[in-house]
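Chemist: To start, I am sharing the structure in question, which I have written as structure tokens.
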Amino acid sequence: MKNHWVRRLSLLTFLGLGIVYAMVKTDYDHKADFGQYKTYSWLRVEAGDTLWADRITNAVDSQLAAKGWTKVPSGGDATVAAMGSTHNEKTPGNVLHRPGRRLAVARFR
């Protein structure tokens, strides 16, 4: 029974590492004085899914509001854009076999 929980915990840890190591890239003008900016407007949000686009927009709006920035429909001091992408890759299933037991096929996606 204990071995069963150890295997489950190992699997969850392995899957969790995939989330932790997601790649995020940011780009901005390193010479800009962001202290002078007070307003911002959105250029676009491309996340491939409206749910994610809403989450990204809300998260950025929240963080910028906390810094005292005001969102305007257009013509802000700064323009914000967010682009996201995912990469799906097919992986072969792993065959687990123990003598005296059935074969189990595990697929990780």
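Every read-out reported here was derived from the displayed coordinates using simple, explicitly stated rules and does not represent laboratory data. None of the values given here were measured: they were computed from a predicted structure. Cβ: placed from backbone, ideal geometry, glycine included. Neighbour counts: every protein chain shown.
Chemist: Under the 0.36 nm per residue contour assumption, what length would be gained going from the current alpha-carbon distance of T70 and K25 to full extension?
Modeler: Answer, rounded to one decimal: 13.8 nm.
Chemist: Please report, in cubic angstrom per residue, the volume enclosed by the convex hull of the alpha-carbon atoms of the stretch 22-84.
Modeler: It is 95 Å³ per residue.
Chemist: Additional query: Could you work out how far apart the two model spin labels at F34 and T50 are, taking each label as a point 7 Å from the Cα in the direction of the beta carbon, and quote it in nm?
Modeler: 3.1
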